[in-house]
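Worksheet: the structure to be examined is printed underneath.
The values are calculated or read from the model by the stated rules, or taken from the named source; none is laboratory data. Everything quoted here is computed from the prediction, not taken from an experiment. Counting neighbours? That spans all protein chains shown, and the Cβs are built from the backbone with ideal geometry, glycine included. When the accessible area is computed, the model is the full protein with side chains, heavy atoms only, and any ligands, DNA or RNA have been set aside. Shrake-Rupley method; radii C 1.70, N 1.55, O 1.52, S 1.80 Å.
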Amino acid sequence: MTELVSLDEVWTARDLLAGIVRVTPLEPSRPLHAALGGPAWLKCENLQRAGSYKVRGAYVRISRLSAAERARGVVAASAGNHAQGVALAAGLVGTHATVFMPVNAPLPKVAATKGYGAQVELAGANVDEALVAAQTFAERTGAVLIHPFDHRDVIAGQGTVALEILEQCPEVRTIVTGVGGGGLISGMSVVVKALRPDVRVIGVQADGAAAFPPSLVAGEPVRLPAFATIADGIAVGRPGDVTFTHVRRLVDEVVTVSEEDISRALLMLLERGKQVVEPAGAVGVAALLAGAVEVQTPVVAVLSGGNIDPLLMLRVIEHGLAAAGRYLRVTVRCSDRPGQLASLLGEIAERRANVVDVVHQRANPHLRLGEVEVALSVETRGVEHSDTLISALRASGYQVTIGPEA
């Protein structure tokens with residue numbers, strides 16, 4: 001049976017990290033307070049060096065390598081955050097890092113990893129496949145593999161996040177954080193259950209990449225046959241052996257959230273919290289906003305990373321607006337006569353909705369003779385406003401279809 005990481009190991013890791021990582025701020029969240037009926041805080045690891053908590057575990061692991069191991073260099077696999085953490089830590093320690101990243105890894109994360117001095121190799125469609133390439137490289141060259149989550153030093157380093165939370169918010173009753181391979185929640189749960197066993201620790205995974213729930217049911221790590229999510233930082237197909245043991249024994253609950261839940265959370269964090277957070281970093285907030293878990297307040301949600309591709313941010317904002325009922329796509333069928341388009345747009349303007357774009361077409365074979373189809377994207381003030389607009393258009397005789405195809 002795997003021996004759990006001890007609290008002493010986390011305290012030692014904290015000593016190693018002194019002067020290396022930031023003690024990140026704990027910020028209050030009014031929207032979460034209102035939704036939960038009690039105090040809610042955000043642990044801002046998105047403001048950590050290299051943009052996520054990953055540098056904590058990476059530095060602890062690499063700093064403990066022998067001189068001979070450092071001379072051989074290190075190798076890692078990551079979708080981006082662990083890559084940047086390893087690259088930064090390797091530079092601080094004085095060793096060379098090679099990082100394998102999936103071929104579709106966000107370009108800003110690739111560029112940032114190179115900027116920290118690592119050599120980047122693109123391999124595989126996801127982190128699991130990149131990890132296989134990294135393991136092969138380690139066997140061939142002698143480089144030391146720095147696993148993204150399944151190592152005691154890494155878990156101990158990540159656990160220092162919880163030490164800070166308990167000091168910054170001693171009255172905390174619930175801690176919620178995202179889960180990929182399980183390194184962060186494993187280290188945090190070691191600390192919390194040793195120092196404050198009354199505090200609940202809850203993990204959150206994306207619906208499309210939730211390997212822990214079936215693994216916990218099976219009693220052992222289970223590999224997902226396929227997985228996909230916008231939360232690339234937690235898109236892991238199988239829990240680690242070491243982390244699974246920690247989660248099974250120490251974590252109170254693991255829940256899942258949808259892509260829409262994540263998009264809404266990102267939009268709220270950007271709009272109300274002024275926080276730039278990547279999808280994986282927002283899943284804890286997503287679970288709280290969606291009511292995916294019952295919590296006791298005060299609650300702390302960990303914003304585990306802020307390394308988001310600006311292009312993805314644009315898509316997520318649009319998706320989040322749509323999920324919140326503030327960005328409406330509709331297709332309207334109407335008669336093909338002069339002034340009809342102007343009349344339709346006038347109806348929309350009268351109800352104080354803003355048209356973003358319009359596509360007017362006659363060539364759809366499903367249209368009857370004398371009919372046209374108008375696809376519109378419209379900004380509204382929310383779900384109620386959208387419903388009112390659609391009802392008004394239909395009352396005026398328009399055939400309205402709602403959907404992304406518009």
Within segment 11-49, residues being assigned to a strand (DSSP E or B), out of contact with any Phe, Trp or Tyr (no Cβ under 7 Å at 6 or more places or on another chain) and aliphatic (A, V, I, L, M) number 2
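Looking at segment 163-199, which of the residues that are of a type in the set (A, V, I, L, M) and within 17 Å of PHE149 (Cα to Cα) is surrounded by the most Cβ atoms within 10 Å (Cβ to Cβ)?
Here is the first cut: in segment 163-199, the ones of a type in the set (A, V, I, L, M) are 163, 165-166, 172, 175-176, 179, 184-185, 188, 190-192, 194-195, 199.
Add one more test, that the residue is within 17 Å of PHE149 (Cα to Cα), and what stays is 179, 184-185, 188, 190-191.
Details: VAL179: 32, LEU184: 31, ILE185: 35, MET188: 30, VAL190: 25, VAL191: 28.
So, considering only residues that are of a type in the set (A, V, I, L, M) and within 17 Å of PHE149 (Cα to Cα), the one surrounded by the most Cβ atoms within 10 Å (Cβ to Cβ) is ILE185.
Quick grid of which residues meet (1) more than 39 Å from the chain's Cα centre (by Cα); (2) over 15 Å from ILE390 (Cβ atoms):
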position	(1), (2)
VAL330	no, no
PRO338	yes, yes
SER343	yes, yes
GLU347	yes, no
ALA353	no, no
VAL358	no, yes
VAL372	yes, yes
SER377	no, no
Looking at segment 178-215 only, could you name the residues that are among the acidic types (Asp, Glu) and touching a Lys or Arg at 6+ places or on another chain (Cβ under 9 Å)?
ASP198
Given segment 177-267, what helices (runs of 4 or more DSSP H) lie entirely inside it while holding 2 or more residues that are touching a residue at least 60 places away in the same chain (Cβ under 8 Å) and of a type in the set (A, V, I, L, M)?
183-195, 241-250
All positions within segment 1-47 that are closer than 28 Å to ASN307 by Cβ, open to solvent by less than 20 Å² (accessible area, probe 1.4 Å) and not charged (D, E, K, R):
VAL5, VAL10, ALA13, LEU17, THR24, SER29, LEU32, ALA40, LEU42, CYS44, ASN46
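Can you tell me which residue is most open to solvent (accessible area, probe 1.4 Å) among those in segment 81-134 that are part of a helix (DSSP H, G or I) and among the acidic types (Asp, Glu)?
Checked segment 81-134; the qualifying residue most open to solvent (accessible area, probe 1.4 Å) is GLU129.
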I'd like to check something: does segment 148-166 contain any residue that is part of a helix (DSSP H, G or I), acidic (Asp, Glu) and farther than 27 Å from VAL120 by Cβ?
yes
Could you look through segment 225-258, keep only residues that are surrounded by fewer than 19 Cβ atoms within 10 Å (Cβ to Cβ) and among the acidic types (Asp, Glu), and pick out the one that is nearest to ILE317 (Cα to Cα)?
GLU253
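When you look at LEU288, is it within 30 Å of GLY182 (Cβ to Cβ) and open to solvent by 70 Å² or more (accessible area, probe 1.4 Å), yes or no?
Details: within 30 Å of GLY182 (Cβ to Cβ): yes; open to solvent by 70 Å² or more (accessible area, probe 1.4 Å): no.
For LEU288, the condition - within 30 Å of GLY182 (Cβ to Cβ) and open to solvent by 70 Å² or more (accessible area, probe 1.4 Å) - is not met.
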Can you find even one residue in segment 298-318 that is open to solvent by 20 Å² or more (accessible area, probe 1.4 Å), of a type in the set (Ser, Thr, Tyr), under 28 Å from GLY181 (Cα atoms) and touching a strand residue (DSSP E or B) at 6+ places or on another chain (Cβ under 9 Å)?
no
Looking only at residues in segment 48-76 that are farther than 12 Å from GLY305 by Cβ and of a type in the set (Ser, Thr, Tyr), which one is surrounded by the fewest Cβ atoms within 10 Å (Cβ to Cβ)?
SER66
